[in-house]
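Colleague: Quick one: the structure is below, questions incoming.
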Amino acid sequence: MSHTLHFFISIVLCFVIGIHRVQSEITYIEARYPLRGTPSAPNAPWPQPQYLNASLDLTYIDGNFFIVYSNLRNCDIIDKAIERYQPLFYPPKLTIRSPDTFDDSRVLISVLIEIRSKKCDVYPDLHDDQSYNITIENSYGKITAENVWGALNGLETFSQLLFITEDDYLAINSSVTIRDWPRFPYRGLLLDSSRHFLPVPILKQQIDAMSYNKYNVFHWHLSDDQSWPFVSKKFPQLTEKGAFSPDHVYTPEDVQDIIEHARLRGIRTIPEFDSPGHVAALGRAFPEFLTDCYNGSTPNQAIYSKHAAREIIDVTKDEVYKFMKEFLQEVKDTFKYEPYIHLGMDEVTPACWLSNPNIQKFLKDNNMTNGTDLMTHYSNRILDIAKSIGAKSMVWQDPWDDGVKLPLGTVIGIWKDTSLLPDSPPWSYFLSKATSEGYDTVLSAPFYLNMIKYGKYETNDSVMNLEFFRWYNIDLFANFTGDDAARKRLIGAETTLWGEFVDGTNSLSRLWVRASGVAERLWSSIDVNNPEDAQFRLDVHRCRMLRRGIPAAPILNGYCGPYEAGMKQSMINDPIFSYID
């Protein structure tokens, strides 16, 4: 399909500002430099659609008469989406006037959501058609999609096309044509609930923000050394001994609440339970599963920089695999619609294993020689268990890096890069190699949003947010050496927010709108790559997120309006947004 007129939205919608000033706009004040790029319209969508054509004249919306309806009846995905978006169309704390002075031809009466498949799908899939079309002609609009997931994308874009004029009317361009689809089918966000606990309301806000940016996979990191917050019915001792406290846990009801909250927004939830490393919290419940590390002939002795006194799962013990089968079956039953379980397998250093006399004997008895052999033994058994319970597997790249022959069909997460590990090759090397070997991959290496570089990117004639410039300019196929078949095995990427320095107090503002820049890289055409133009659109989107109750941090100087945090119309942390639940 053609990418013609990718930038038409920036050109056309900017004229809307000249016709009607808006209630709140970004105003930059830079002492040295005027900002380069094209100032954005108040209703510029984010991520930018593949094709958009819009008229200059406006149509108005009367909240008393405007309706959104669908050809698909009694479908929870669509019915609840329409209900959910009503307050987004009409922000509850903002004054919106009825357009009683306009003739009927300038009032948008209705928008039809047309689902071509006429099926109410239950759970999104990687291979779903996520595309949609939008047409607005004077008094009527239509969102057309093959399935409900594409319709959700269309409804989000439509909601962003609405804006409030300076004289308090809700408006949209009178004629709009959009044809849109994602560049990558997998657009993920990893949140870490182990290093710091993230309360359920915060996770729901994160999922809401994901939907506003067309992310479609919530990668939930649920176990690590620091804590085990996931309540297991089969093994309650995991949280009794592994959680920070009885309050810092996700009950089965909490987990289902999160899964459902995401599902209704077209977002998959992929759980991650890491092993054989990152298991100190697991070891508090099952100390017998951990490996006794030796210093010479002395057990339980730490050697700094090599190993702790006791760490990583002892892969020689059959009871480990019995536990893993029962536990992973429970995980599969809990996340019943999601085909994948992320099994971790990162950052396993074999020094502890190799120091242990019992493991040394196991190596000899089984014609093994090194840590790679042990990791192969463990990964084969765990992946076989996952397959036996009907689950597909995702892992971090580490075992594959170390020479373990993972079965094809395993999705590999590429996280290593020179920027994170100075002695590592660049992520493009790993990506090219893994996809050329036949593995589907998800790239996260360049998108570690927990790594902060604060400040401005400046040249002789330009200034912009340093981090936004860095992430927005990432080309996922930079220095890629694979063929066309290998390129198709990069199914997408994910933003990661590891939890060492974030919790419920700051995870939202730390992530947004920084993650929005990555979202556009994963959705929009590769031709949408001008960061100087994009920073204006991103500020508009940041203000939009503030109106929706997401405490998104600014990227440069400026203001949004009376709905900023702490101001009279702010919805941030406001009970009025309880409709989100």
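Conditions (1) of a type in the set (A, V, I, L, M, F, W, C); (2) within 30 Å of Arg489 (Cα to Cα), marked per residue:
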position: Leu190; (1), (2): yes, yes
position: Val200; (1), (2): yes, no
position: Ile207; (1), (2): yes, yes
position: Val217; (1), (2): yes, yes
position: Leu222; (1), (2): yes, yes
position: Trp228; (1), (2): yes, no
position: Phe235; (1), (2): yes, no
position: Thr239; (1), (2): no, no
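Colleague: Go through (1) within 18 Å of the chain's Cα centre (by Cα); (2) of a type in the set (Asp, Glu); (3) at pLDDT below 85 for Asp503 and report which single condition fails.
Modeller: Of the numbered conditions (1) within 18 Å of the chain's Cα centre (by Cα); (2) of a type in the set (Asp, Glu); (3) at pLDDT below 85, the odd one out for Asp503 is (3).
Colleague: When you go through Glu156, Glu146 one by one, which is the residue that is surrounded by 16 or more Cβ atoms within 10 Å (Cβ to Cβ), farther than 30 Å from Phe273 by Cβ, of a type in the set (D, E, K, R) and touching a Phe, Trp or Tyr at 6+ places or on another chain (Cβ under 7 Å)? Even if it seems obvious, please write down each step before you answer.
Modeller: Details: Glu146 fails: touching a Phe, Trp or Tyr at 6+ places or on another chain (Cβ under 7 Å).
After ruling out the rest, the residue left standing is Glu156.
Colleague: Which members of the range 324-369 meet the condition of being within 29 Å of Ala262 (Cα to Cα), in a helix (DSSP H, G or I) and among the aromatic types (Phe, Trp, Tyr)? First the steps, then the outcome.
Modeller: Our first condition is that a residue be within 29 Å of Ala262 (Cα to Cα); within the range 324-369, this holds for 324-346.
Add one more test, that the residue is in a helix (DSSP H, G or I), and what stays is 324-334.
Of everything in the range 324-369, just one residue is within 29 Å of Ala262 (Cα to Cα), in a helix (DSSP H, G or I) and among the aromatic types (Phe, Trp, Tyr), namely Phe327.
Colleague: If I filter the range 316-337 for residues that are surrounded by fewer than 16 Cβ atoms within 10 Å (Cβ to Cβ), without any contact (Cβ under 8 Å) to a residue 40 or more places away in the chain and closer than 29 Å to Val442 by Cα, do I get at least one hit?
Modeller: Within the range 316-337, one or more residues are surrounded by fewer than 16 Cβ atoms within 10 Å (Cβ to Cβ), without any contact (Cβ under 8 Å) to a residue 40 or more places away in the chain and closer than 29 Å to Val442 by Cα.
Colleague: For Val122, state whether it is surrounded by 18 or more Cβ atoms within 10 Å (Cβ to Cβ) and either under 17 Å from Ser211 (Cβ atoms) or at pLDDT 95 or above (or both). Can you show your working first?
Modeller: On the way: surrounded by 18 or more Cβ atoms within 10 Å (Cβ to Cβ): no; either under 17 Å from Ser211 (Cβ atoms) or at pLDDT 95 or above (or both): yes.
No, not satisfied.
Colleague: Any idea which of (1) over 22 Å from Tyr186 (Cβ atoms); (2) hydroxyl-bearing (Ser, Thr, Tyr); (3) part of a loop (DSSP other than H, G, I, E, B) is the one Ser159 doesn't satisfy?
Modeller: Result: Ser159 passes all but (3).
Colleague: Please tell me if Tyr448 is in the same structural domain as Met394 (by TED's automatic domain parsing) and closer than 19 Å to Gly517 by Cβ. Please lay out each step first, then the result.
Modeller: On the way: in the same structural domain as Met394 (by TED's automatic domain parsing): yes; closer than 19 Å to Gly517 by Cβ: yes.
It is true that Tyr448 is in the same structural domain as Met394 (by TED's automatic domain parsing) and closer than 19 Å to Gly517 by Cβ.
Colleague: Same structure, new question: Determine the pairs where a residue that is under 14 Å from Tyr140 (Cα atoms), located within the range 60-73, has a partner that is in a loop (DSSP other than H, G, I, E, B) with Cβ atoms under 7 Å apart, the partner being 6 or more residues away or on another chain.
Modeller: Tyr60/Pro99; Tyr60/Phe102; Ile61/Leu162; Asp62/Ser98; Asp62/Pro99; Phe65/Ile109; Phe66/Ile109
Colleague: For Glu494, work out the one condition from (1) at pLDDT below 95; (2) among the charged types (D, E, K, R); (3) touching a Ser or Thr at 6+ places or on another chain (Cβ under 8 Å) it doesn't fulfil.
Modeller: Checking Glu494 against (1) at pLDDT below 95; (2) among the charged types (D, E, K, R); (3) touching a Ser or Thr at 6+ places or on another chain (Cβ under 8 Å), the one that fails is (1).
Colleague: Within the bounds of the range 532-543, is there any residue that is assigned to a helix (DSSP H, G or I) and over 30 Å from Phe89 (Cβ atoms)?
Modeller: Taking the range 532-543 first, the residues assigned to a helix (DSSP H, G or I) are 532-543.
Cutting the leftovers down to over 30 Å from Phe89 (Cβ atoms) gives us 532.
Yes: the range 532-543 contains one or more residues that are assigned to a helix (DSSP H, G or I) and over 30 Å from Phe89 (Cβ atoms).
Colleague: Looking at Asp365, is it buried (at least 16 other Cβ atoms within 10 Å of the Cβ), among the acidic types (Asp, Glu) and out of contact with any Phe, Trp or Tyr (no Cβ under 6 Å at 6 or more places or on another chain)?
Modeller: Numbers: buried (at least 16 other Cβ atoms within 10 Å of the Cβ): no; among the acidic types (Asp, Glu): yes; out of contact with any Phe, Trp or Tyr (no Cβ under 6 Å at 6 or more places or on another chain): yes.
So Asp365 does not fit the description; no.
Colleague: Being within 21 Å of His278 (Cβ to Cβ), touching a strand residue (DSSP E or B) at 6+ places or on another chain (Cβ under 9 Å), touching a residue at least 24 places away in the same chain (Cβ under 8 Å) and small (Gly, Ala, Ser) narrows it down to one residue among Gly344, Gly371; which is it? Give the derivation first.
Modeller: Working: Gly371 fails: touching a strand residue (DSSP E or B) at 6+ places or on another chain (Cβ under 9 Å).
Exactly one residue qualifies, and that residue is Gly344.
Colleague: Which ranges mark the helices (runs of 4 or more DSSP H) fully within the range 203-308 that have 2 or more residues being over 30 Å from Arg548 (Cα atoms)?
Modeller: Working: elements: 237-242, 252-263, 280-285.
In the range 203-308, the matching helices (runs of 4 or more DSSP H) lie at 237-242, 280-285.
Colleague: Any idea which of (1) of a type outside the set (Phe, Trp, Tyr); (2) surrounded by 23 or more Cβ atoms within 10 Å (Cβ to Cβ); (3) in contact (Cβ under 8 Å) with a residue 40 or more places away in the chain is the one Arg487 doesn't satisfy?
Modeller: Looking at each condition in turn, Arg487 falls short on (2).
Colleague: Do you know which of the residues in the range 417-434 that are in contact with a Phe, Trp or Tyr (Cβ under 8 Å, 6 or more places away or on another chain) and farther than 16 Å from Trp471 by Cα is surrounded by the most Cβ atoms within 10 Å (Cβ to Cβ)?
Modeller: If we take residues in the range 417-434 being in contact with a Phe, Trp or Tyr (Cβ under 8 Å, 6 or more places away or on another chain) and farther than 16 Å from Trp471 by Cα, then Leu431 is surrounded by the most Cβ atoms within 10 Å (Cβ to Cβ).
The values are calculated or read from the model by the stated rules, or taken from the named source; none is laboratory data. Given the structure is predicted, the values throughout are model-derived calculations rather than measurements. Using ideal geometry, Cβ is built from the backbone for each residue, glycine included, and neighbour counts are taken over all protein chains shown.
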